[in-house]
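Throughout, read-outs are computed from the coordinates displayed, never taken from laboratory work. What you see is a predicted model; the values in this text were computed from it and never measured. Heads up, the Cβs are rebuilt from the backbone with ideal geometry, glycines too, and the neighbour counts pull from every protein chain shown.
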Amino acid sequence: MKLIIAEKPSLGRSIMSSLGEKFEKHDEYYSSENYYVVPLHGHILELKDFEEYPENKDKRMWNVKNLPFFPAQYEYSITYGNKKIFDCIKRLLKSPEVTEVIHCGDADREGQIIVDLILEKIGNTKPVTRPFIKSTTNAGLQQAFAERKSNEEYRNINAEGKARSYIDFDFGKNLSRYASRKAGAKAGLNVGRVIGAIVTEIYNRDMEIENFIPRNYFKIESDGAIKLTSKKEFEPDEEDAAKEYAQKLNDADAVVTDVKKAKQTKRAPKLFSQTDLQGAANKRHGFSPKRTLKAAQSLYEKGLITYPRTNTNFMAEGDRPMIAGILKKLGPEFEMKRVFDDSKVDGHSAITPTGAHPELTGDELKIYMMILNRFRAMFCKEPCTVLKTTMTIDCRDPQGGSIEVFKVSGEVPLTQGWKKFEPVSEQETVLPELNVGDLVEHDFRPVATQTKPPAHYTVTTLGKWMQNPFRKSEDDEVDYAKMIAGMEIGTEATRAAIIDKAISKDYIKLTKNTYTIQPNGRFLVETCRMLGIDMSSVKTAEMGRDAKAVSRGEKTCEEVLGEVRKEIREIIAKAPEGPVDKPQETAFVCPKCGKPLQGTLKKLECGCGFTLWKTVAGKWLDDETIATLLAGKKTKLLKGFKSKAGKSFSAYLKLDPEGNIAFEFPPKPEKVSLGNCPKCGKPVYENKKGFGCSGWKPGGKGCDYVIWKYDKATKKKNTAEQVRKMLAENK
C-alpha cells in the first residue's frame, strides 16, 4: 500500500480520479486496493508562539526586557481542528502495509514543507516520493506520478522554505512585540518582513505625492488635423514670450519634409504570471488580488489551468509536448511560438489552460476566459500588423530658415492577428495623406499646464514592484535573474494574503485599483523608523536572496538565521528609555491657553487639557489642515473620511467652542425639476440611474413614470436636456 498525502481535499479527489481504482471513504482518509489517500486542509502545523516554549514559562514575553527570544529548536503544534488528521497519518504510517509515502503538496516551497513537517514531527522512516504536480488533469497527474522522484531531491526547497519561515518568525515575532510595547500600541503593530516592506513602499509613494510641489509652465501646441507640440517650454512669468513664439510659428509655413511608411508586426502580450493576471483582472473586472487568486486556484484544482502561483511569463522547454497537445485541440489558427526559456522559469511555467472545455460561471468564467484568450493571442498564427507612418514637419520662416522641426507618427491596422482574442484599448493616431512639400494647417497657442505628481500604486504597479523592486521605472521588464535569485518582495504564493492582511489591519486601503496609506500604516512606518527597524525593500529583498541561497546550497539555514538574529539583537539593544513616541514641543499653539502644543505621532495636546487627534474618521490631517483648525478657521472641503459603516464622505472641519473637531457638510444641491410627469403632473427629477417622477414611493407605490439614462432596448443614452424637451412637448 502507498500512502498519499494531498495538500487539500480537491487535489485528493483529482488524484483518486486519475488512479483508476475504487476508493472507500473513511473518517479522515480514503482507501483502495493499492492506496490510502489523506487530504489535508493546507497547514496543519504551525510554529509555537513564544509563550509555548518551556524556557519561557512564567515569563512576560511582551516585556522588552525578555526580548529577543530565539528558539534553540523550532517547535510546531497542531492547528485547531486538525488533530484527527495528524493522528490518522501517524496511525497509517505505523501500519506494516504502507511501504511508500507519496508527498502531494503543491509544487512550491510552501507545499513542500506542509507535508515534510508532518512527516518530520511523526518521525517517519519509510521512503517518500514526490510527484511535482503542474496540472491536475488526469493526464497531468498520471504523468507526474510516473515521473515522481525521491523526496530527498527536494531537500533544498525544504531548507529554503524553513529558512523563510524561521526568518519571518524571528523578525516578525520579536520586532512586532518590541515595537508595539515601545509605541504603546494597544492593538499591536505588525512588523513582518514582507508586510512591512509593502506598507513602507506605499507610505513612501504617498508622502512623495503629498509633498509634491507642481511646476507651472506654458507649452506651445497646435491642435489641428495633426497635433503638434513644441519642445520649448516657458515659465509662468514668460506668457508674453510664449505668445510671441506661438505667433512666430503661426507666421511660418509648416512643410512636410519627409514621409516614411513601414509595415510593422505587433507583438502579442505575454502569457500570464500570477502578478500579471491579478493586475489584468483588477483592471478589467475590478477584482482584488485575493479574489483573482481564489478563482485561479479553484480552476487549477478543477484541472482547467496549470499551477497559478507562478512568477514568470515563459514556459519551460519540458512543456513543449503539453503546449503542442493544447494547440492541436485549438485548431489550425494556432502554432508554436518562442516562449520557451528555462533561464526564466523557477519551478513553474506561465499560467495556461490545460485544453479542457469547462462549464463555468461567475469569477471562474471571467478568469478562465482571460487565461484562455491570452494563450490564444500568444500562439495565434496570423500576425498582427500595422502600417506605420512617420512624418517630419518643418516650420520655416518666410526667409526659409527652420524655426522648429516636428516628428509625428500614426498607424493604420492591416491584419488583426492576436487582437481577435486580446483586444487592446489604445488610441490610434491616423495621419492625413500628405506628401513631401505639402503644407500643414496649424494654429499654435500657449497652453498653461503643470507637472504632475507620481501616481499612487495600483494593483498592477505594486505587483510589478514586488516582482522587481529595483527597477528604475514602472515600464521596465522583469529582471528574471534577480527574481530567480530571490530579490523580490514576498512570493507569488503569499503576496495576496499579505496585502489582504495589511488592508484588514487598516495599514493600507484598496479603492477600486488604487492603494493608499492609512493612519495606522503611517504610525507603523514612522514608529519603526524611530526605533531603527529597517522595513525597506532593500532589506526585505536581501533576506529573500539569502533564503534563496539556502535552496542552492550556497548558505545554510543557520548562517542566514545568524545574520538576522544579529540585526534583531542590535535593534533591541538600542531601545530608548520609555515610550519611543514621547511628546515633543511643536510650533503649533494651543487655541485655549496660547502655550506651545506637545506633539506625538498620533496627537497634539496641552497641559490645559486641549487635545487634537491627527486622525479624524480614518483621515490623516496634514500640517496645513491642523494650522487652519488651530487658527479658528474652517478648512477647505476635505475628501476621504470614512463612516462607521465604512462609507466614504467629504466634509469641512472646524473646532467647536469646546475645542473639539466638528464636521460641517456641504449643502446638498437643490433638485431642479425637468418638467411635470405626463402621468400624474408631479415634478420629474434626475437621479443616479434615470429621470423619475417625484410621486414614486418605496415598494413600488405611487407613480411609476421613469426614463432610464441608458435604454437597454435601443442601446441609447438619454440626457437631462433630452428629457426636459420631451416633457415640454407632452404638456
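Amide H to amide H distances under 5 Å link Tyr36 with Lys2, Leu3, Ile4, where only residues 5 or more positions off or on other chains count and H is placed in the peptide plane. Straightening the chain between Glu558 and Arg155 buys 143.5 nm, computed as 0.36 nm per residue apart minus the Cα-Cα spacing.
Each label was represented as a point 7 Å from its Cα along the Cα-to-Cβ direction; for Ser402 and Asn718 these points are 5.9 nm apart.
When the trypsin sites (Lys or Arg not before Pro) in the stretch 60-141 are filtered for DSSP coil states and for at most 15 other beta-carbon atoms within 10 Å of their beta-carbon, the remaining sites are Arg60.
Among the GluC sites (Glu not before Pro) within the stretch 73-173, those in coil by DSSP and having at most 12 neighbouring Cβ atoms inside 10 Å are Glu97, Glu147. Packing, taken as the mean count of other beta carbons within 10 Å per residue, orders the peptides 500-508, 647-655 from highest to lowest as 500-508, 647-655. Between the helical axis of 720-729 and the longest alpha-carbon principal axis of the chain there is an angle of about 60 degrees. Computed from backbone phi with θ = phi - 60° and the Karplus coefficients 6.51, -1.76 and 1.60, the 3J(HN,Hα) list for the stretch 164-172 is 4, 5, 6, 4, 4, 5, 5, 5, x Hz; x is used for glycine and proline.
Relative to the longest principal axis of the Cα atoms of the chain, helix 362-378 runs at roughly 80 degrees. If you take the Cα centroid of the stretch 611-635 and the Cα centroid of the stretch 242-273, the two points sit 48 Å apart. The string of couplings for the stretch 329-339 from the Karplus curve (6.51, -1.76, 1.60, θ = phi - 60°) is 5, 6, x, x, 5, 10, 8, 4, 10, 7, 10 Hz, one whole number per residue in order, with x for Gly and Pro. Mind scanning Lys505/Lys668; Lys182/Lys614; Lys602/Lys636; Lys57/Lys182; Lys263/Lys420; Lys619/Lys668 and naming the pairs with a C-alpha gap bigger than 30 Å? Cα-Cα > 30 Å for Lys505/Lys668; rest within. When each of Val459, Val339 is scored by the number of other beta-carbon atoms lying within 10 Å, the sequence from fewest to most is Val339, Val459. In a fully extended conformation the segment linking Phe70 and Asp251 would gain 57.3 nm over its present Cα-Cα distance, using 0.36 nm per residue.
Neighbours of Thr385, meaning other residues whose beta-carbon lies under 11 angstrom from its beta-carbon, give a summed charge of +2 when Lys and Arg score +1 and Asp and Glu score -1. So what's the gap between the Cα centers of the stretch 15-51 and the stretch 369-388, to the nearest angstrom? One Cα centre to the other: 41 Å. Which far-off residues, 5 or more places away or on another chain, put their amide H under 5 Å from the one on Phe272, with H placed in the peptide plane? Under 5 Å from the amide H of Phe272: Ile351.
Per-residue 3J(HN,Hα) values for the stretch 620-632, derived from phi via the Karplus relation 6.51 cos²θ - 1.76 cosθ + 1.60 with θ = phi - 60°, read 7, 8, 7, 4, 4, 5, 4, 4, 4, 4, 5, 7, x Hz in sequence order (x marks Gly and Pro).
Sites listed here are trypsin sites (Lys or Arg not before Pro) in the stretch 371-438 whose DSSP assignment is loop and whose Cβ has at most 14 other Cβ atoms within 10 Å: Lys381. For Phe334, the residues whose modelled amide H falls within less than 5 Å of its own, excluding neighbours fewer than 5 places apart on the same chain, are Lys381. Here the extension length gained between Lys381 and Asn56 equals 110.4 nm, from 0.36 nm per residue of separation less the Cα-Cα distance.
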